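Just below is one structure, and these are the notes that go with it.
The values are calculated or read from the model by the stated rules, or taken from the named source; none is laboratory data. Computed from a predicted structure; not experimentally measured. No Cβ is skipped: glycine too gets one built from the backbone with ideal geometry, and neighbour counts run over all protein chains shown. Quick note on the areas: whole protein, heavy atoms, side chains included, nothing else; ligands and nucleic acids left out. Shrake-Rupley method; radii C 1.70, N 1.55, O 1.52, S 1.80 Å.
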Amino acid sequence: MTFSHTVWAERVSSSAELPDERLQARLTTIIVTTVEHPSASIPQATGSAGQAKATYRFYANPRVTADMLRLGFTTDTAQRCLEEDVVLVVQDTTSLNFTGLHMIPELGPIDSGGLARGVHLHTTLALTVSGQVIGILDQQYWARPQPGQPGPEEIESGKWINGIDASRAILYETAGDRPVPRLIHVMDREGDAYEVMMTVIDAGDSAIIRCAQNRRIDDPLAKAHEAVRSQPVLCRTEIVVSRKAGVPERYAQVEVRSMRVTLIPDLQKYPHAWPMTWNLVEVWEPNPPAGTQPAHWLLWTLEPAASADEALEVVRKYTCRWPIEEVHLVLKSGCRVEELRLENWDSLEKAVTIDAAVATRIVSLRDLARETPEAPALEVLSEDEVEVLVCRFGKGMTPSELTIGQAVLWIGRLGGHMNRKRDGMPGVRTLWRGLHDLTLLVAGFQAGKKLRE
């Protein structure tokens, strides 16, 4: 199910449990304005001193809390999750640099030297099994202490468990008597902790976790990495190795293996732990190009992985976690959240919470163009936005004929996408630029209509 930006904002506002209808209306306006002007400052986005003042007053209002805003966004996400049979629950952490905000004591060091100050944000996203972003299920913020000060170690180590628990709580609370989809928790290497794996099993969920620990197992080879490498090759295939700093994207010829293992816990470290049975899938590049780091993934999972098709499906689902990195990219580079200049942490947290949801919305728009390109553009854009795009690019087309896929291509054109055959669909960078330019065109279009009237 898809919604226009305005309908989405209204749904979120109605779920946020704000004290009165005026605050709900103001939240709707702020969300829509942020979607339409993701890169603009608050004064630029609102367009007038009065509207900017109203936005600042909303953020400063003690009757409005960040928890209320998160409830609105997560409830909306949970409602849409209930339409799915299986949901991927993806977690990741990023840091937000607010070094220039010297008057906010809640900020802490975010670099090894302690010179940069800010907060850490741990996001939990819901995705479809095809990798399409649904929305945010949980957000956790925290700041590390200055050197020599005691810190909230339980937050750092427990963020993965908190993400699991919070996601399940909002889904079950929203579902009521309706069935909750099967959940597959997807995490990178930092999530490879025995406590996290036990939490997943206790919850009755599934998981795919990038392996970091060469754990002790009940096998003659004793260690998991050595044991899985000794298994026969299930298949040989080609995978895409993502671009990294200074290293272009490439294709790798890999071998895929898997085995079912029983983990033997270190009872001195985990006195309340018990042996657990997981599958371990290995993707290994035996002959990488000269001077190239070989592709090598090891994935813990509770998903079936005995056959080649099952193991490859585990790998495919793991690659669905990339959008969470794009959400954090849009949050920082597209919404420019680190340029916010609010006077206290309460106000700043509210603004970041809204910006994070808007960043998720922008990535979701890109995904919709891939998953449902033939759906009507009016499902996600306003009538004026569709009419402007058709007037600008669609000679001879009526607004009702415009599809989501074509609309996203045209929004990308506004943001600098060349739309050549080899270019593919626009990325999130061009989309946030295009949305900003589309808003300016719509404003001119609306002004022209008023003059004609």
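Remarks
- Every pair of residues 6+ apart whose Cβ atoms lie under 8 Å, when the first sits in the stretch 207-232 and is at positive phi while the second is open to solvent by 50 Å² or more (accessible area, probe 1.4 Å): Ala222/Arg216
- Residues located in the stretch 24-49, provided they are under 18 Å from Glu338 (Cα atoms), open to solvent by 20 Å² or more (accessible area, probe 1.4 Å) and not in a helix (DSSP H, G or I): His37, Ser39, Ala40, Ser41
- Ala52 meets the conditions (1) under 22 Å from Ala143 (Cα atoms); (2) open to solvent by less than 40 Å² (accessible area, probe 1.4 Å) in every case but one. The failed one is (1).
- Test result for Leu329, open to solvent by 20 Å² or more (accessible area, probe 1.4 Å) and part of a helix (DSSP H, G or I): yes
- Qualifying position, being of a type in the set (Lys, Arg), open to solvent by 10 Å² or more (accessible area, probe 1.4 Å) and under 23 Å from Arg57 (Cα atoms), among Arg361, Arg336: Arg336
- Of residues in the stretch 6-18 being open to solvent by less than 20 Å² (accessible area, probe 1.4 Å) and in a loop (DSSP other than H, G, I, E, B), the one farthest from Asp355 (Cα to Cα): Leu18
- One residue from Asp92, Asp76, Asp111, Asp85 being charged (D, E, K, R) and out of contact with any strand residue (DSSP E or B) (no Cβ under 8 Å at 6 or more places or on another chain): Asp111
- Qualifying residue in the stretch 377-391 (condition: out of contact with any helix residue (DSSP H, G or I) (no Cβ under 9 Å at 6 or more places or on another chain) and more than 18 Å from Val428 (Cβ to Cβ)): no
- Number of positions in the stretch 304-317 that are surrounded by 18 or more Cβ atoms within 10 Å (Cβ to Cβ) and either basic (Lys, Arg) or closer than 17 Å to Asp188 by Cβ (or both): 3
- For Ala369: the one exception among (1) surrounded by fewer than 22 Cβ atoms within 10 Å (Cβ to Cβ); (2) in contact (Cβ under 8 Å) with a residue 24 or more places away in the chain; (3) under 18 Å from the mean Cα position of the chain (by Cα): (1)
- Matching residues in the stretch 235-270 - criterion: being assigned to a strand (DSSP E or B) and either open to solvent by 60 Å² or more (accessible area, probe 1.4 Å) or over 16 Å from Trp297 (Cα atoms) (or both): Arg236, Glu238, Val240, Lys244, Val247, Tyr251, Gln253, Arg260, Val261, Thr262, Leu263
- Whether a residue is more than 15 Å from Asp355 (Cα to Cα) and touching a Leu at 6+ places or on another chain (Cβ under 6 Å) was assessed, and Gln51 does not pass this test.
- Boolean, Glu21 is in contact (Cβ under 8 Å) with a residue 12 or more places away in the chain and surrounded by fewer than 19 Cβ atoms within 10 Å (Cβ to Cβ): no
- Residue match in the stretch 416-426 (condition: among the hydrophobic types (A, V, I, L, M, F, W, C) and assigned to a helix (DSSP H, G or I)): no
- Qualifying residue in the stretch 342-363 (condition: at positive phi and modelled with pLDDT of 90 or more): no
Yes/no per residue for (1) more than 21 Å from His122 (Cβ to Cβ); (2) touching a Cys at 6+ places or on another chain (Cβ under 9 Å); (3) outside any loop (DSSP other than H, G, I, E, B):
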position: Glu343; (1), (2), (3): yes, no, no
position: Ala356; (1), (2), (3): no, yes, yes
position: Leu365; (1), (2), (3): yes, no, yes
position: Leu381; (1), (2), (3): yes, no, no
position: Val386; (1), (2), (3): yes, no, yes
position: Lys395; (1), (2), (3): yes, no, no
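- Looking across the stretch 202-234 at every residue that is in a helix (DSSP H, G or I) and open to solvent by less than 60 Å² (accessible area, probe 1.4 Å), the one that is nearest to Ala311 (Cα to Cα) is identified as Val228.
- Taken over the stretch 381-406, residues that are in contact with a strand residue (DSSP E or B) (Cβ under 9 Å, 6 or more places away or on another chain) and either open to solvent by less than 40 Å² (accessible area, probe 1.4 Å) or in contact (Cβ under 8 Å) with a residue 12 or more places away in the chain (or both) amount to 5.
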